[in-house]
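Working notes, beginning with the structure itself.
Since every read-out is calculated from the coordinates, none of them should be taken as a lab result. Source: prediction; values computed, not measured. Cβ: placed from backbone, ideal geometry, glycine included. Neighbour counts: every protein chain shown.
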Amino acid sequence: MSHIENSEEYKGLTVNQGVEQPPMVNPYITRRVKRRQLSVNDYVEGILAGNRSILSQAVTLVESLLPEHHTIAQEVIEKCLPHAGKSIRLGITGVPGAGKSTFIEALGTYLCKEQNHKLAVLAIDPSSERSKGSILGDKTRMEELSIAENAFIRPSPSAGSLGGVARKTRESIILCEAAGFDTIFVETVGVGQSETAMHSMVDFFLLIQLAGTGDELQGIKRGIMEMADGITINKCDGNNIEKAQLAKRQFQNALHLFPMPESGWAPQVTTCSAFHHINIPEVWKMVTDYVAFTNKNGYFDYRRNQQSKYWMYETIDEYLRTSFYNNPTIEDLLKQYENMVNNNEMTSFAAAHKLLDTYNQIR
């Protein structure tokens with residue numbers, strides 16, 4: 001190739017040889033091998049062997065919205081079901097800022113390192129409205145627990161659907177139990193509708209509170225405290241000890257006003273400091289005392305059976321709802337009936353009945 005600088009008029013110009021350019025692709029990088037698609041048996045064998053990588057892939061499969069993934073996930077769950085059910089399921093909730101993640105790390109570290117338990121933490125994180133991804137990321141807030149050999153932490157974005165996430169969390173519990181985890185923590189985003197869903201899948205419902213929250217939380221206390229099997233007042237340290245002890249007495253008095261739970265267990269109140277690891281064993285003792293008490297009177301198995309029945313009906317409701325709204329004919333008619341309702345040409349109830357009648361005829 002001739003260059004202008006090599007012409008006669010540029011005789012005095014010396015052009016040095018350029019540096020040979022290296023190849024664009026690093027020769028030391030090995031070609032990425034495409035991951036083989038696992039079969040149902042591969043998933044089941046990996047889970048039963050305690051393979052965390054395969055367990056994570058299976059949970060991702062459960063959370064997937066793709067129909068083909070849903071089919072495989074259900075087969076995996078069915079085959080894992082006989083190996084599940086042998087754990088203590090602890091639901092943990094509390095007001096925002098109560099220190100749930102710090103508490104989970106403190107209790108989880110105690111169970112893993114001092115009690116030799118295998119712990120799985122399923123945390124339902126709030127979702128980004130844009131990406132629908134998890135925005136808190138509990139793994140980043142549980143530095144010590146996340147590196148423990150016998151701990152498995154899995155945050156799941158709520159993606160705006162608490163019911164769907166709750167069902168998938170329950171299915172993930174089955175997979176974790178089949179993988180050999182004897183203790184399951186389920187943490188929710190805060191106080192609200194998610195607690196009702198969580199209550200229907202755990203054995204012990206623990207409410208984490210703070211001292212000095214004031215009367216503005218009376219509504220929360222009433223709704224959530226009726227479901228709580230135990231309450232712990234966190235951040236009981238330093239100058240906050242007296243306030244925490246006062247809050248403990250107040251919560252104990254409030255619990256006496258509620259009817260006795262169906263389990264026959266009188267909910268207890270403890271104090272702790274998750275940050276300083278104070279009274280953490282006492283909180284766990286409250287949980288194990290409850291499990292022993294309900295196993296003795298038969299309520300433990302009764303509650304598990306009731307929960308299974310509840311989720312059967314929830315799954316039916318969800319399937320019917322999805323089937324109805326995803327039907328092409330119904331999708332076309334919905335807008336039409338919406339306009340008729342908005343223009344007062346038809347009542348909401350009449351429009352709903354007509355849509356349901358149409359759906360039943362085309363099925």
In whole Å, largest first, the alpha carbons of segment 37-83 cover along the principal axes 27, 21, 16
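Grab the other residues whose beta carbon is less than 13 angstrom from that of Lys354, score K and R as +1, D and E as -1, and report the net.
On the way: positive: none; negative: Glu338, Glu345, Asp357.
Computed value for this residue: -3.
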Could you tally the net charge around Ser263, taking each other residue with its Cβ under 13 Å from the Cβ of Ser263, Lys/Arg +1 and Asp/Glu -1? -3
Sites Ser64 and Ala266, calculated FRET efficiency, Cβ-Cβ separation with R0 56 Å, nearest 0.05: 0.85
Distance violations [Cα-Cα > 26 Å] among Lys100/Lys296; Lys168/Lys235; Lys235/Lys296; Lys79/Lys168; Lys100/Lys309: Lys100/Lys296; Lys168/Lys235; Lys235/Lys296; Lys100/Lys309
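Multiply the residue gap between Gln306 and Glu149 by 0.36 nm, knock off their C-alpha separation, and tell me the result in nm, one decimal place. Intermediate values should be presented prior to the final figure.
Numbers: separation 157, 0.36 × 157 = 56.52 nm, distance 3.37 nm.
Between Gln306 and Glu149, full extension yields 53.1 nm more.
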Whole-angstrom gap from segment 82-103 to segment 293-327, using each part's C-alpha centre: 19 Å
On a straight-distance basis, which aspartates and glutamates could pair with Lys113 in a cross-link, Cα separation under 20 angstrom, same-chain partners fewer than 8 positions away excluded? Glu105, Asp138, Glu143, Glu144, Glu149, Glu177, Asp182, Glu282
